[in-house]
Amino acid sequence: GHVRPMINPAESLEIRPERAGDELAIANLVQEAFAEVLFSAGQEAAIVRRLREEGALALSLTAWLDEHLVGQLVLSPVRIDGVDLRWAGLGPVSVRPILQRCGFGSALVRSAIAWLRSSDWDGCVVLGDPAFYGRFGFRTASSLVLPGHGSTHFQALP
C-alpha cells in the first residue's frame, strides 16, 4: 500500500470551479485517478472532455493543495425519462491515487451538493458506492433505473 501523507484537507485545500488553462491538468488527474480501478473502462477523461466540449458541464469543481491539482468533480444536466427536471448527474469524481481516502473526494462532493442547493437544481443522481455516497444523503431509488447498471449503485439525492 501507499504511505499516506498526513494532511488535514480542511486546512489547506482550495476548492474552486475549473478555469481556462486547467484542462490538461484535469485530463491527467482523471486518467491517473482511474488507471487502476477495476470497473473502469478508462473513458473518464474522455467523458469530462466531451462534456466540456458540448457545453454540458453544469459545474467542474477542482481541488488544489499548494497549487497542485489533487481532485476534480463534474456535475452535468441529466434527463429523466427524456425530460429536463433540473436534475444533475454527479461524476466522475477524481482524486490523485496517493491522496485517496484522505477526505478530498468528500470535500468535493460536499461542495457540489452545497452548490446544487444554492442554485436552481431539484436533485442529483450518482452511479457509485452506496457506502460512500450514502454519507451525503444519496439513497438507492428503485423508481430510477440506469440501463445496464446494478440498481444499488444508482442513487439519488432529491
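The values are calculated or read from the model by the stated rules, or taken from the named source; none is laboratory data. Everything numeric in this text was worked out from a predicted model, so none of it was measured. Heads up, the Cβs are rebuilt from the backbone with ideal geometry, glycines too, and the neighbour counts pull from every protein chain shown. In case anyone asks, the SASA skips ligands and DNA or RNA and just uses the protein heavy atoms, side chains included. Shrake-Rupley method; radii C 1.70, N 1.55, O 1.52, S 1.80 Å.
Sorted by mean Cβ packing within 10 Å, highest first, what order do the peptides 121-131, 48-58 take? Walk me through the intermediate numbers first.
On the way: 121-131: 16.2, 48-58: 14.5.
Packing order, densest peptide first, comes out as 121-131, 48-58.
Heavy atoms of the protein chains alone define the surface here; on that basis segment 88-138 has 43 Å² accessible area per residue at 1.4 Å probe size.
Just check segment 73-124 against the gyration tensor rule for me: Cα atoms, a ≥ b ≥ c as the square roots of the eigenvalues, rounded for a/c under 1.5, and otherwise prolate or oblate depending on whether a/b exceeds b/c.
Details: a/c = 4.33, a/b = 2.01, b/c = 2.16.
Oblate, because a/c is 1.5 or more while a/b does not exceed b/c.
Working from Cα pairs under 8 Å separated by at least six residues, relative contact order for segment 30-137 is 23 percent.
Semi-axes of the equivalent ellipsoid for segment 40-109, please: Cα gyration tensor eigenvalues, times 5, square-rooted, ordered largest first, whole Å.
Result for segment 40-109: semi-axes of 24, 13, 11 Å.
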